[in-house]
Amino acid sequence: MSEIYQQLSTIIIAGEDEKAPGLVQKALDQGLAPLEILDNGLLVGMNEVSARFAQEEMFVPEVLLAAKAMHDGLEVLRPHLVAAGAKPIGKIVLGTVKGDIHDIGKNLVGMMCEGAGFEVINLGFDVDPEKFVEAVKKNRPDIVGMSAMLTTTMIAMGYTIKALQEAGLRDTVKVMIGGSPVDAEIAERIGADGYAYNSPTAVELAKRLVGAA
Amino acid sequence: MSLPKDRPTVIIACRVLQSMLQQLLPAESAENAIFMDYGLHRQPGKMTRVLQEEIDKIEASSLILLGYGLCGKGLAGIKSGKHTLKIPRVDDCIAILLGSRQAYRQEFNAAPGTYYLSKGWLESGSHPLKEYEEYLEKYGAEKTAWIMDQQYQHYERLVLVGHSQSDLETYRPQALKVARYCERWDMRYEELLGSYEYVRRLIDASAVPDNNSEDFVIIPPGGEIRLEQFM
């Protein structure tokens, strides 16, 4: 295994986002395959971060920096992945639901899903059901991901699913949800296809939902 | 189901509510109350484990009053064992500090992006300025600025909640320092007088509904706290 893969995974874990683009470029310059740089370098680091995060050994600031490092490295890598014929494994439209301004977790999900090979369209926070519907019409995603952090706002998840139904789009997408006030039981009750406890498990769920896991 | 009136009552609460509880509780009960570390809300998994341990340690079948909200799933999955649990039906401590779910709802509608400060939170150092200082040491200026933006850029208001005018006066200087720092996101500073009402109702051991009510989640013996009960 090339030493540079080790270095890539180390800087992801350390959240050294400023070093990621240069190091990815260096790996490309050495003639390493883009997909291997992703799989053996960036993702090895990110998977370690995910594991530590799940164990509550790493916290949000560090995980954010790690995800940013991966994201910035991926920016350099992406054109090469595309040129090498790598296709996204699926498309995700992502947003924090109406009335809710919390978007850190949702952004982490977005960055981690990108790392896993998804194309991610991040609609931001306080996203109206209608805006989700518009985004689904426009982008034809495989998955709609919704986040809410309050019992008072999670209700908008149900409204969004209903809006997708009324627009005749519900069957064209899988819906996954996450956030403090929701769990698998609530996901089932509001008619979502899946629930993820945290950003790493959201990636696993997304892969399952597109049949890539 | 009705409760035997003579069962012991135990209070387990977050330290953030300690001073409010101590104001209201008779000296003996205040001494026996168990106050848990502030920082648990950052580790919901650990919060669940640690609270479960505290509950399981209590030998006599008791009425346990939990001074917590859902706290990022921190309470989900806790089992009552031989006890009955009474829990404010809230996301977090803000509604408890403000005095009611309605008061919280009103403030939420006024400004959904509100960051709350209180005596407990200021004393525990859980606020944006303290975070900034900690991150700065760890990550340097540039990364810190980025992380802080990620966390707070959508907030519009910073509110100090006090429970008396003298409370507000005592904590105002510290809150204003935080407010000055938060001006970078155009957050405006406000002060609110909270109420003891929710805490008062929580510790009223004679008021334990048989089932979940609008304001409290009740877990009978052999039950488990489920997220759904907070909806």
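The values are calculated or read from the model by the stated rules, or taken from the named source; none is laboratory data. Fair warning: this is a prediction, and the values are worked out from it, not measured in the lab. Note that each Cβ is placed from the backbone with ideal geometry, even for glycine, and that neighbours are counted across all protein chains shown.
Please go through segment A:138-169 and give me each residue that is more than 19 Å from A:C113 (Cβ to Cβ), away from chain B (no Cβ under 14 Å) and surrounded by 19 or more Cβ atoms within 10 Å (Cβ to Cβ), ordered by number.
Once the filter is applied, which keeps residues that are more than 19 Å from A:C113 (Cβ to Cβ), away from chain B (no Cβ under 14 Å) and surrounded by 19 or more Cβ atoms within 10 Å (Cβ to Cβ), segment A:138-169 yields A:I161, A:A163, A:L164.
Only one residue in A:L42, A:L38, A:L77, A:L23 is surrounded by 18 or more Cβ atoms within 10 Å (Cβ to Cβ), without any contact (Cβ under 8 Å) to a residue 60 or more places away in the chain, within 20 Å of the chain's Cα centre (by Cα) and in a helix (DSSP H, G or I), so which one is that? Before the answer, list the steps.
On the way: A:L42 fails: without any contact (Cβ under 8 Å) to a residue 60 or more places away in the chain; A:L38 fails: without any contact (Cβ under 8 Å) to a residue 60 or more places away in the chain; A:L23 fails: within 20 Å of the chain's Cα centre (by Cα).
Just a single option satisfies the conditions, and that option is A:L77.
Answer yes or no as to whether A:A135 is touching a Leu at 6+ places or on another chain (Cβ under 6 Å), away from chain B (no Cβ under 14 Å) and in a helix (DSSP H, G or I).
Details: touching a Leu at 6+ places or on another chain (Cβ under 6 Å): yes; away from chain B (no Cβ under 14 Å): yes; in a helix (DSSP H, G or I): yes.
When the stated conditions are applied, A:A135 passes them.
Among the strands (runs of 3 or more DSSP E) contained in segment B:146-231, which hold 1 or more residues that are of a type outside the set (D, E, K, R) and within 15 Å of B:T114 (Cα to Cα)? Outline the logic, then answer.
On the way: elements: B:157-162, B:188-193, B:216-219.
Qualifying strands (runs of 3 or more DSSP E): B:157-162, B:188-193.
Out of B:E131, B:E183, B:E142, report the one residue that is without any contact (Cβ under 8 Å) to a residue 24 or more places away in the chain and under 21 Å from the mean Cα position of the chain (by Cα).
Details: B:E183 fails: under 21 Å from the mean Cα position of the chain (by Cα); B:E142 fails: under 21 Å from the mean Cα position of the chain (by Cα).
Selected residue: B:E131, the only one of B:E131, B:E183, B:E142 that is without any contact (Cβ under 8 Å) to a residue 24 or more places away in the chain and under 21 Å from the mean Cα position of the chain (by Cα).
Listed residues B:A207, B:A179; which is farther than 19 Å from B:Y68 by Cβ, away from chain A (no Cβ under 14 Å) and not acidic (D, E)? Full working, then the answer.
Values: B:A207 fails: farther than 19 Å from B:Y68 by Cβ.
Sole residue among the options that is farther than 19 Å from B:Y68 by Cβ, away from chain A (no Cβ under 14 Å) and not acidic (D, E): B:A179.
Among what's in segment B:68-98 and is assigned to a strand (DSSP E or B) and β-branched (V, I, T), pick the residue that is nearest to B:D37 (Cα to Cα). Walk me through it before giving the result.
Of segment B:68-98, the ones assigned to a strand (DSSP E or B) are B:79, B:84-88.
This time we only want the ones that are β-branched (V, I, T), so: B:84, B:87.
On the way: B:T84: 23, B:I87: 18 Å.
Per the criteria, the residue is B:I87.
For the structure I just gave you, tell me whether A:L205 is under 23 Å from A:D39 (Cβ atoms), within 14 Å of another protein chain (Cβ to nearest Cβ) and buried (at least 22 other Cβ atoms within 10 Å of the Cβ). Show your work before the answer.
Working: under 23 Å from A:D39 (Cβ atoms): yes; within 14 Å of another protein chain (Cβ to nearest Cβ): no; buried (at least 22 other Cβ atoms within 10 Å of the Cβ): yes.
In short, no.
Say we look at segment B:95-109 and pick out the residues that are free of Cβ contacts under 8 Å to residues at least 60 places away in the same chain and closer than 14 Å to B:V161 by Cβ; which of these is surrounded by the fewest Cβ atoms within 10 Å (Cβ to Cβ)? So that I can check it myself, show each step before the final result.
First, the residues of segment B:95-109 that are free of Cβ contacts under 8 Å to residues at least 60 places away in the same chain: B:102, B:104-106, B:108-109.
Subsequent filtering for residues that are closer than 14 Å to B:V161 by Cβ retains B:104, B:106, B:108.
Details: B:Y104: 22, B:Q106: 11, B:F108: 19.
Going through the qualifying residues, I end up with B:Q106.
Could you please find all residues in segment A:187-196 being closer than 20 Å to A:S50 by Cα and either in the same structural domain as A:E56 (by TED's automatic domain parsing) or free of Cβ contacts under 8 Å to residues at least 40 places away in the same chain (or both)?
Narrowing segment A:187-196 to residues closer than 20 Å to A:S50 by Cα: A:194-196.
Passing the criteria: A:G194, A:Y195.
Condition check ((1) over 19 Å from B:Q22 (Cα atoms); (2) in contact with a His (Cβ under 9 Å, 6 or more places away or on another chain)) across all residues:
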| residue | (1), (2) |
| --- | --- |
| B:K79 | yes, no |
| B:I87 | no, no |
| B:G113 | yes, yes |
| B:G120 | no, no |
| B:S126 | yes, yes |
| B:L129 | yes, no |
| B:Y139 | yes, no |
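What's the number of the only condition in (1) farther than 29 Å from B:P26 by Cα; (2) surrounded by 20 or more Cβ atoms within 10 Å (Cβ to Cβ); (3) modelled with pLDDT under 95 that B:E228 fails to meet?
(2)
Out of all the residues in segment B:118-140, is one or more outside any helix (DSSP H, G or I), away from chain A (no Cβ under 14 Å), within 23 Å of B:R15 (Cβ to Cβ) and touching a Ser or Thr at 6+ places or on another chain (Cβ under 9 Å)?
Within segment B:118-140, not a single residue is outside any helix (DSSP H, G or I), away from chain A (no Cβ under 14 Å), within 23 Å of B:R15 (Cβ to Cβ) and touching a Ser or Thr at 6+ places or on another chain (Cβ under 9 Å).
Show the residue pairs meeting these rules: Cβ distance below 6 Å; 6+ apart or different chains; first residue within segment A:175-186 and within 10 Å of chain B (Cβ to nearest Cβ); second residue among the small types (G, A, S) and assigned to a strand (DSSP E or B).
A:G179/A:S147
Of all residues in segment A:45-57 being within 18 Å of the chain's Cα centre (by Cα) and within 14 Å of chain B (Cβ to nearest Cβ), which is surrounded by the most Cβ atoms within 10 Å (Cβ to Cβ)?
Narrowing segment A:45-57 to residues within 18 Å of the chain's Cα centre (by Cα): A:45-54.
Those still in the list that are within 14 Å of chain B (Cβ to nearest Cβ) too: A:51-54.
Numbers: A:A51: 12, A:R52: 17, A:F53: 21, A:A54: 15.
Checked segment A:45-57; the qualifying residue surrounded by the most Cβ atoms within 10 Å (Cβ to Cβ) is A:F53.
Name the residues in segment B:42-67 that are within 13 Å of another protein chain (Cβ to nearest Cβ) and in a loop (DSSP other than H, G, I, E, B), would you?
Applying the first criterion (within 13 Å of another protein chain (Cβ to nearest Cβ)) to segment B:42-67 yields B:42-50.
Matches in segment B:42-67: B:Q43 only.
State all residues of segment B:195-211 that are in contact (Cβ under 8 Å) with a residue 60 or more places away in the chain, within 16 Å of B:S80 (Cα to Cα) and surrounded by fewer than 15 Cβ atoms within 10 Å (Cβ to Cβ); if no residue qualifies, say none.
Listed by number, the list holds a single entry, B:D210.
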